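The values are calculated or read from the model by the stated rules, or taken from the named source; none is laboratory data. All values reported here derive from a predicted model rather than from experimental measurement. Here the Cβ positions follow ideal geometry from the backbone for every residue, glycine too, while neighbour counts run over all protein chains shown. The accessibility values were calculated without ligands, DNA or RNA, using every heavy atom of the protein model including side chains. Shrake-Rupley method; radii C 1.70, N 1.55, O 1.52, S 1.80 Å.
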Amino acid sequence: MQTELRQTAFQTFRDPAGSLELRPDGAYRTVRYPEADEILAFLTTPLAAQLVEQGRLSASAVVPRETQIEPDAAPSLLLKHPRLAFASYPWEWPTSLWLAAAEATLTLCRDLIQNDWILKDATPLNVLFEGTRPIFVDVLSVARLDPKQPLWFAYAQFVRMFLLPMLAYSRLHWPLRSIIGQRDGYEPEDLYTPLPLAARFTQPALSAVTLPHLLARRKSSASSVAAVPRTVDDPELTKHILLKTLDKLQRQMRSVTPAAQASVWSNYAATATHYEDEDHARKHAFVTTALGQANPRNVLDVGCNTGAYSSLAANAGAAVVSIDTDLQTVDHLARKVQQTGQNILPLCIDLANPTPAVGWQNAENASFLDRATGHFDLVLMLAVIHHLLLHNQVPLDRIAALASTLTTRHLILEWVPPADPKFQELLRGRGELYAHLTESAFRAAFAQHFTIQAELLLANRRILFHFVRKSLV
């Protein structure tokens with residue numbers, strides 16, 4: 001019930017039916033019997049093959065017992081899954097990716113039900129992205145459909161982990177990233193009191209928050225045995241009820257997911273006055289040339305903003321991870337990429353305060369830096385260094401050292417000089433305190449880790465650098 005991580009060697013263990021171990025050549029899932037028989041039966045169906053071919057379900061290959069590392073261990077099924085390009089987590093996603101993951105889960109469950117299978121889990125942690133395309137990666141969540149059971153047992157989990165976080169974001173302005181501290185999502189009681197009275201009795205809060213909260217209070221004050229789920233004798237009626245449930249959840253999820261919203265940064269490129277058209281053109285040409293020379297496979301765009309240079313990297317054939325601190329900007333980029341189909345994964349991540357490792361012993365979900373280290377062969381840091389220096393107060397040598405761990409080879413960076421209006425805007429009268437932030441100090445700090453392959457001085461006095469890591473020169 002957990003996802004594949006990129007750079008860790010930890011094993012996931014929450015699912016009683018099996019576990020997942022990451023190795024350099026793939027993700028290996030151990031499935032205990034009797035669940036293994038059910039998964040094998042599903043994997044042999046035309047539906048499973050179709051879902052894999054469509055890119056909606058992670059591929060699974062059975063590992064022969066004689067080739068296993070511990071063939072004498074207790075009998076179990078060992079499956080090998082491919083490791084996807086870059087693992088991300090719900091607390092890093094913009095709203096459009098939340099909705100995409102929710103709809104992918106519901107659509108998959110709908111297709112399974114129509115073929116006498118069902119999902120027994122509904123957590124966003126079972127979804128990874130290739131670009132903005134969601135892929136369901138937990139085949140162990142698939143189970144046979146009980147033809148007499150019209151209740152979807154994963155309904156409450158979907159509500160807790162998909163619907164309520166988005167409801168809390170759209171109605172209460174709780175950050176989506178706060179779900180990082182809620183492994184099982186929100187309970188209705190978490191939202192009931194903060195919600196205004198009118199909102200409590202408006203759908204979907206009425207059915208997802210208010211009624212469950214009131215029923216829970218009523219049950220706690222009454223002594224009664226647990227209710228037995230009702231069954232039906234008509235398999236087609238069972239499917240009909242289940243499909244209606246999924247349709248309702250999809251409508252609710254769409255209704256609480258906000259439309260694209262503007263922010264200062266989402267319109268930054270269109271309103272910037274510190275760049276003339278000629279400088280824009282020369283910057284575009286410099287980055288295009290550097291990308292052509294580097295020919296990267298995996299690119300990290302730090303401070304991606306509207307994604308103009310992420311798009312250049314994607315067009316050059318790279319898989320791009322684009323990060324920014326502004327959720328609306330990241331969401332605008334995600335919505336655009338969903339239309340263009342480019343291989344760009346937009347995430348809301350602050351490089352100065354990146355996603356930490358969380359879970360049991362801080363080992364279930366890897367930190368952003370753990371996932372990023374060794375993965376990217378080119379990093380873009382355009383018009384971002386002055387934010388790290390002045391807003392985040394990170395020293396030059398620390399920024400250079402981090403950049404050298406984020407890229408295995410190339411770094412394209414834009415130096416913003418102290419006289420630049422955007423530098424002065426962040427300086428806020430602290431000129432004496434930051435008088436040491438000179439171009440020569442910048443060059444010295446980055447010379448510890450990189451050599452300069454090319455540089456370009458723009459008319460606005462900003463300097464573009466194409467660095468190469470020293471150890472690889």
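The table for this structure:
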{"quantity": "For the stretch 425-473, average projected area of the Cα convex hull in nm²", "calculated": "4.3 nm²"}
{"quantity": "Relative contact order computed over the stretch 125-211 (Cα-Cα under 8 Å; 6+ residues apart), in percent", "calculated": "20 percent"}
{"quantity": "The chain: antiparallel DSSP beta bridges as a percent of all, rounded to 5", "calculated": "65 percent"}
{"quantity": "Semi-axes of the equivalent ellipsoid for the chain, Cα gyration tensor, largest first, Å", "calculated": "45, 28, 19"}
{"quantity": "Cα centroid separation - the stretch 170-185 against the stretch 76-90, whole Å", "calculated": "25 Å"}
{"quantity": "Cα shape, the stretch 84-187, gyration tensor, a/c 1.5 rule", "calculated": "oblate"}
{"quantity": "Rough spin-label spacing in nm, given labels placed 7 Å along Cα→Cβ, for Asp25 and Arg56", "calculated": "3.1 nm"}
{"quantity": "Residue order for Asp15, Asp184, Asp277, Asp111 - accessible surface, 1.4 angstrom probe, largest first", "calculated": "Asp277, Asp184, Asp111, Asp15"}
{"quantity": "Extension gain, Arg217 back to Asn115 (0.36 nm per residue minus Cα-Cα distance, nm)", "calculated": "32.9 nm"}
{"quantity": "Per-residue ³J(HN,Hα) for the stretch 318-333, Karplus 6.51 cos²θ - 1.76 cosθ + 1.60, θ = phi - 60°, Hz, x for Gly and Pro", "calculated": "8, 8, 10, 10, 10, 10, 7, 8, 8, 4, 5, 5, 5, 5, 4, 5"}
{"quantity": "Gain in span if fully extended, Leu172 to Asp350, counting 0.36 nm per residue against the direct Cα distance", "calculated": "61.8 nm"}
{"quantity": "Residue order for Cys348, Cys304 - accessible surface, 1.4 angstrom probe, largest first", "calculated": "Cys348, Cys304"}
{"quantity": "Cα lying deepest toward the dipole's positive end in the stretch 332-473, options Ala459, Ala400, Leu380, charges on Cβ", "calculated": "Ala459"}
{"quantity": "For the chain, size of Cβ-based charge dipole, Lys and Arg +1, Asp and Glu -1, in debye", "calculated": "640 debye"}
{"quantity": "Long-range HN-HN contacts of Asp377 with modeled amide H, under 5 Å", "calculated": "Arg297, Asn298, Thr408"}
{"quantity": "222 nm mean residue ellipticity, helices alone, for the chain (DSSP H n ≥ 4; -39,500 (n - 2.57); rounded to 500)", "calculated": "-10500 deg cm²/dmol"}
{"quantity": "The chain: relative contact order as a whole-number percent, Cα under 8 Å and 6+ apart", "calculated": "13 percent"}
{"quantity": "Entries in Lys80/Lys248; Lys120/Lys336; Lys283/Lys470; Lys239/Lys336; Lys148/Lys248 that, when Cα-Cα distance is taken, lie over 30 Å", "calculated": "Lys80/Lys248; Lys120/Lys336; Lys239/Lys336"}
{"quantity": "5 angstrom amide H check on Arg83, placed H, neighbours 5+ away", "calculated": "Ala27"}
{"quantity": "Nearest-20 debye value, the stretch 410-458 charge dipole, Cβ charges on Lys, Arg, Asp, Glu", "calculated": "120 debye"}
